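Peer 1: Dropping the structure in here first, questions after.
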Amino acid sequence: MSGTAAAVEARLPIRSDLDLVRVRQQVRQAAATLGFGLVEQTKLVTAASELARNTLVHGDGGEVRTARVADARGQGLRLTFTDRGPGIPDVERALGDGYTSGDGLGMGLGGARRLVHDFTIDSTPGAGTTVTVTSWAARPPRPREGQ
């Protein structure tokens, strides 16, 4: 495994508030390693923080896996949050602004979705939830001909 892959590939438990800090640190380090700019790092870390907190609070804990991905868009970072909690009975409603199943403001899932490039959620009541997000490192614009 290359040094870059080792710095990016991780599997972290989410069982306590301390784990939330570790998730944020890992995501920021991995995004920086892959060449994400500060704004994209901040968006991804914010989304990861929201999703990790949801995993802990609403999913009774779980884990996150981080992985480097690459395609025609360039390099990206994929985060997969998995829990075995009660699941989400109405995913579309949960993604809407203002919806909350707890004491929060209801910006978690919908806000996280807006902060990343790709977002999928799979939830089965009684069996848990998996949320996968991917963000892509911005590539510098190509110079125009004649420049």
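Peer 1: Given the options ALA10, ALA52, ALA67, name the one that is free of Cβ contacts under 8 Å to residues at least 40 places away in the same chain, within 25 Å of SER123 (Cα to Cα) and small (Gly, Ala, Ser).
Peer 2: When all the criteria are applied, what remains is ALA52.
Peer 1: If I ask for residues that are in a strand (DSSP E or B), within 18 Å of VAL21 (Cα to Cα) and among the basic types (Lys, Arg), which ones from the range 47-77 would you list?
Peer 2: Across the range 47-77, the qualifying residue is only ARG65.
Peer 1: Only one of (1) more than 19 Å from ALA10 (Cα to Cα); (2) outside any helix (DSSP H, G or I); (3) modelled with pLDDT under 95 fails for ILE121. Which number is that?
Peer 2: Answer for ILE121: the failing condition is (3).
Peer 1: Being over 11 Å from VAL131 (Cα atoms), among the β-branched types (Val, Ile, Thr) and touching an Asp or Glu at 6+ places or on another chain (Cβ under 8 Å) narrows it down to one of THR42, THR66, so name that one. Walk me through how you get there before you give the answer.
Peer 2: Values: THR42 fails: touching an Asp or Glu at 6+ places or on another chain (Cβ under 8 Å).
The conditions single out THR66.
Peer 1: Within the range 22-41, is there a residue that is farther than 18 Å from THR120 by Cβ and at pLDDT below 90?
Peer 2: no
Peer 1: Taking the range 69-93 as the region of interest, how many residues are in contact with an Asp or Glu (Cβ under 9 Å, 6 or more places away or on another chain) and basic (Lys, Arg)?
Peer 2: 2
Peer 1: Going by the conditions given, is VAL91 aliphatic (A, V, I, L, M), modelled with pLDDT of 95 or more and closer than 26 Å to ARG15 by Cα?
Peer 2: Considered against the rule, which asks whether it is aliphatic (A, V, I, L, M), modelled with pLDDT of 95 or more and closer than 26 Å to ARG15 by Cα, VAL91 comes out as no.
Peer 1: Turning to a different aspect of this structure: Restricting to the range 31-46, count the residues that are aliphatic (A, V, I, L, M) and surrounded by 24 or more Cβ atoms within 10 Å (Cβ to Cβ).
Peer 2: Selection size over the range 31-46: 2.
Peer 1: Please go through the range 116-129 and give me each residue that is surrounded by fewer than 16 Cβ atoms within 10 Å (Cβ to Cβ) and not acidic (Asp, Glu), ordered by number.
Peer 2: Residues satisfying the conditions are HIS117, THR120, THR124, PRO125, GLY126, ALA127.
Condition check ((1) under 18 Å from ALA7 (Cα atoms); (2) over 11 Å from the mean Cα position of the chain (by Cα)) across all residues:
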site	(1), (2)
ARG22	yes, yes
VAL27	yes, no
ALA30	yes, yes
GLY35	yes, yes
LEU44	yes, no
LEU56	no, yes
GLY61	no, yes
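The values are calculated or read from the model by the stated rules, or taken from the named source; none is laboratory data. Here the structure is a predicted model, which means the values were calculated and not measured. Using ideal geometry, Cβ is built from the backbone for each residue, glycine included, and neighbour counts are taken over all protein chains shown.
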